[in-house]
Amino acid sequence: MDETAVRIRGLRKRYGDVDAVDGVDLDIPRGEVFALLGPNGAGKSTTVEILEGHRRRTGGEVAVLGADPGRPTRRWRARIGIVSQTSEERPQLTVRETVRHYAGYYPAPRDPDEVIEAVGLTEKAGARLARLSGGQRRRVDVALGIVGDPELLFLDEPTTGFDPDARRQFWKLIESLAGDGTTILLTTHYLDEAEALADRVGVIARGRLVEVGTPRELGGRATAKAHVSWTGPEGPRTLETHSPTQVVAELSQKFDGEVPELTVTRPTLEDTYLTMIGAAR
Amino acid sequence: MTAQAMPSTLRIGLSRGALELRTFMRDREAAAFTFAMPIVLMLIFGTIFKGEIKGTGVDFRQYFAAGIIASGIASTTFISLGVGIAQERDDGTLKRLYGMPMPPAAYFIGKTITALVLSVAETVVLFLLGHVMFGLNPPGTPERWFTFVWVFVAGVTVCTLLGIAVSSVPRSGRGAAAVLNVPYLVLQFISGVYFTFTELPKGVQDAGAVFPLKWICQGLRSALLPDTLLPVEPAHAWEHGRIALVLAAWAVAGFALCLTTFRWKRRDDG
Ligand SMILES: Nc1ncnc2c1ncn2[C@@H]1O[C@H](COP(=O)(O)OP(=O)(O)OP(=O)(O)O)[C@@H](O)[C@H]1O
Ligand SMILES: [Mg+2]
């Protein structure tokens, strides 16, 4: 079996005179959780929807599970799961009716009640969608994305509208799917989400993939200087250094004990990310 | 990994039909709009219209009842599907379906089942009302029953196909009802629903005769009303052959339109 779940070469998409996706190359191996980060309008949804077979590309080559998504077949569709950035379901139906119905489209679906449990809607299983909150409706979308037991799952900003608790629960779900070998491509604006879930992160800005790497090493984060801050007699001070331990030891001697308001920080993923998309502007 | 069998198109289609009907029953607005409207119109105009059609011995309200049954069929097929599909396209339901392993035919099987069930129910209700209020009788002979059935089936088929085709016209789901009701209302007036067809100006009759509703009305009259009505029919005959021909032509045109114009996405979806 092909070891690459998603293979993208020179992908382009133009809308009028806007290059929404401008020459993206990317390989996502099977079993990986890949997070696509990028500011609004960067081209995340466009890229993902081309991979899903929802949009036509202007140029480049794409293979998803070995097939061209521009010519989707039923068998291929049964192997992928999609959670779009926006979608709606019939408000008149209950959660259970909805999930059961769509399960019937797949050759080997997951058990609908188990799926409802996995997205944390068991208590609302008998409620009509009209009576669900925004975050609860979003969980129905996630349920429909996984009900077919996909090999490859696309999630376009899946946790928008989730409360912190629901987000943690969603992370657990993703971890368990990944544990079962599901390949996952998700887009998100939450950097902690990318950091918690993704094996690798890609940052896209103005239709170009500016960097790909593990969350730890993205943007040279692992080797970046640490910031040591404290308050001295002459006010707040900050030092950038590759050897923070040594700096702290020296400070400790100088102050003869506790250093006032001492902190040692490394750039967060958010810092790195903001620098990166700032540079791409 | 053994390849599991895909669920059959028919099975998914039937399950979609059941889902659509269940949704419809719970959707008061759609039910009021497409199902109750013809019934309300029948009650209103039934109390306004009076008298016999000259020289035929037929109560005009019975003539009207046959016409409103045809309108009812158009409402539960053409309007209901046209508006419903436009809304599903707009709210992303069609996009979701396109992203799932659903054979397209299953979607149309589901729609056809819904349209057929609702049309039968609408026709039964309208007929019973016509019977109680205006003394409309069921077809009197097996031949007339046969006519009734084939005109009904042909009417449902044509209006279903045209409803699916016309769903691509409105730009948004919200505007769909307004857009579709214009042709629907105009056709009702020029097809012999509210007025005796042959009393319409000649040009209006010619225009009406282009469209299917006029022929469905005429076919239903031929099944439900006595031959004494023939002097006020356009050809002084029921013209079954011509009815069949016009409806068949519209069915072919509607089918071709469906195949060429149906979109799973909004216009601006990229
Ligand atoms: N259907 C469309 N027609 C025209 N332009 C479009 C269309 N869809 C997207 N665009 C443009 O393409 C660019 C990328 O849009 P896209 O939706 O892929 O961004 P995104 O990264 O998903 O943003 P967000 O974080 O806001 O979801 C934007 O400039 C957008 O205006
Ligand atoms: Mg997006």
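For the reader, a short list of remarks on this structure follows.
- Checking each residue in the stretch A:184-206 for being within 16 Å of ligand 1 (Cβ to nearest atom), under 12 Å from the mean Cα position of the chain (by Cα) and not aliphatic (A, V, I, L, M) picks out A:THR187, A:THR188, A:HIS189, A:TYR190, A:GLU193, A:GLY202.
- Residue in the stretch B:36-46 that is part of a helix (DSSP H, G or I) and aromatic (Phe, Trp, Tyr) present: yes
- Options A:GLY220, A:GLY181, A:GLY278; residue that is of a type outside the set (A, V, I, L, M, F, W, C), under 20 Å from A:LEU153 (Cα atoms) and either open to solvent by less than 60 Å² (accessible area, probe 1.4 Å) or more than 20 Å from the chain's Cα centre (by Cα) (or both): A:GLY181
- Every condition in (1) part of a loop (DSSP other than H, G, I, E, B); (2) within 13 Å of ligand 1 (Cβ to nearest atom); (3) open to solvent by 10 Å² or more (accessible area, probe 1.4 Å) is met by A:PRO158 except one, and the failing one is (3).
- Condition check for B:ARG96: assigned to a helix (DSSP H, G or I), closer than 27 Å to B:LEU225 by Cα and basic (Lys, Arg): no
- Any chance B:VAL83 is open to solvent by 60 Å² or more (accessible area, probe 1.4 Å), part of a helix (DSSP H, G or I) and away from chain A (no Cβ under 14 Å): no
- Selection within the stretch B:1-38: residues that are touching a residue at least 24 places away in the same chain (Cβ under 8 Å) and in contact with an Asp or Glu (Cβ under 8 Å, 6 or more places away or on another chain). The member of this set that is surrounded by the fewest Cβ atoms within 10 Å (Cβ to Cβ) is B:PHE35.
- Leading residue by the ranking (nearest to ligand 2 (Cβ to nearest atom)) among those in the stretch A:38-65 that are open to solvent by 20 Å² or more (accessible area, probe 1.4 Å) and within 14 Å of chain B (Cβ to nearest Cβ): A:SER45
- Residue in the stretch A:17-29 that is open to solvent by less than 50 Å² (accessible area, probe 1.4 Å), within 14 Å of another protein chain (Cβ to nearest Cβ) and within 11 Å of ligand 1 (Cβ to nearest atom) present: yes
- Cross-chain or 6+ apart pairs with Cβ under 6 Å, the stretch B:256-270 first and within 14 Å of chain A (Cβ to nearest Cβ), then assigned to a loop (DSSP other than H, G, I, E, B) and within 16 Å of ligand 2 (Cβ to nearest atom): B:GLY270/A:ARG55
- Any hit, the stretch B:59-80, residues being under 27 Å from A:THR73 (Cβ atoms) and of a type in the set (Lys, Arg): no
- Within the stretch A:66-86, restricting attention to residues that are within 16 Å of ligand 2 (Cβ to nearest atom) and part of a strand (DSSP E or B), the residue that is most open to solvent (accessible area, probe 1.4 Å) is A:ILE82.
- Of all residues in the stretch A:86-121, those satisfying the criterion of being at the interface with chain B (Cβ under 7 Å from one of its Cβ atoms) and out of contact with any His (no Cβ under 9 Å at 6 or more places or on another chain) are A:THR86, A:SER87, A:GLU88, A:ARG90, A:GLN92, A:HIS101, A:TYR102, A:GLY104, A:TYR105, A:TYR106, A:PRO107, A:ALA108.
The values are calculated or read from the model by the stated rules, or taken from the named source; none is laboratory data. What you see is a predicted model, and the numbers here were worked out from it, not measured in a lab. Every residue, glycine as well, gets a Cβ built from its backbone with ideal geometry; the counts of neighbours run over all protein chains shown. Please note that ligands, DNA and RNA were not included when accessible areas were found on the heavy atoms of the full protein model with its side chains. Shrake-Rupley method; radii C 1.70, N 1.55, O 1.52, S 1.80 Å.
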